[in-house]
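*Asks:* I'd like to ask some things about the structure below.
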Amino acid sequence: MYKLDPPVDDSKEMAIERRRTAEAERKARIFNTRSRVMGVDLNTLDQQVEERQLQRDAERQRQKAFEHLGRSQDRALLEQDREEEDRLSAINSDLAQYWATHQRVEDSRDADLKCYQQGASKFTIPEAELGPSSIQVFMGEDVEANQRRREQIAKTERDLQAQKQDAEKRRMKEKRIEELARKTLVHQDLRAVELEALEEECRKAVRMAFSNYNQALAAERTETLREQHRKEEGQSLAEMGHMVTSDILTECPEAAERGPGRVLTDRWRGMTPHQLSAIYREREEQRLRRQKQRETERAREKAWDLEQMSLARKGEEEERKERELQREKKIQLDQYNMRLAREQQAHQEYLDKKLYTNKPSGDYFNQFNTTSR
């Protein structure tokens, strides 16, 4: 039998390597200054990412809306251009039709110079006066020119006759329309005259009715004023009789009295001497009482001023004593602070010169935080 080597078990080495890798990753996480000092807020970062995504989606939707609006505007502009081209084409076709119908070349004044039609005989020039450059038809050429010219003249005459007939028909039609319009206006004028006559009769009837009504109102108002005048005269006579026999002219003092302290001002003739003397006595008594009250108040105010002055002197004395006491306390506190400062200085000198003489080096501090455990 052959001797075989057992398989190498490297699971321990792999475990050690895994632990080393985990330790390195853990050191990177722990000794990362940004993560350790500042920290990472995952919720805030996720929220920021979500907000950014929402912003991008909104921007994308806005861009799509702008593109859709631009396409719709482009289509509207193209449709407008197409309509403008159709309108110009229709105008051009109508203009060409108008030229072909109402502005033909054979109907112009110089048609005889162009087509040898109207009035050609009026502009004939003797051949003796024409030179070689004026020759248009040579011998043996265009022998049917005269026949064609006569046919063209006959056709022009027929067209002119047809145009004259059309013009005559249009003129007759317009004349009939004018006649109908004139008759209509005459009928409307007659109807307006009749209506105006009827309105005038109605206005006359209304005026007559208003006149009768106003006369009746005037008669009724005259009677009412007459009755009112009689009533006012009776009331005036009754008032005059009452004034003559009333207490206001007889000057009866009892007529003005209506209980204690109540009089009728229209009948009161003034106070009696007894009433005046009572008022004078009451006023004098009020003056004396007021004078005594003022003297009492002045005495009270004087006593109060003396009390205030004594209290102010006592307060000033107490404040002076308080300031003196504070000054003594401050002096004592300064002395105590100076003693403490000397003791602390002596203790610090003892620490610096006697106790802390062996200062640690950099190697002492570098031995810490070398592992994550």
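*Asks:* Kindly indicate the residue of the stretch 13-70 that is surrounded by 10 or more Cβ atoms within 10 Å (Cβ to Cβ), under 30 Å from F368 (Cβ atoms) and of a type in the set (S, T, N, Q) and also modelled with the lowest pLDDT among those meeting that condition.
*Replies:* The qualifying residue modelled with the lowest pLDDT is S35.
*Asks:* Do we have E151 as closer than 30 Å to T101 by Cα and either under 60 Å from the mean Cα position of the chain (by Cα) or modelled with pLDDT of 60 or more (or both) here?
*Replies:* yes
The values are calculated or read from the model by the stated rules, or taken from the named source; none is laboratory data. Only a predicted model underlies this, so the values are computations on that prediction, with no experimental measurement involved. In this analysis, Cβ positions are derived from the backbone assuming ideal geometry, glycine residues included, and neighbour counts consider all displayed protein chains.
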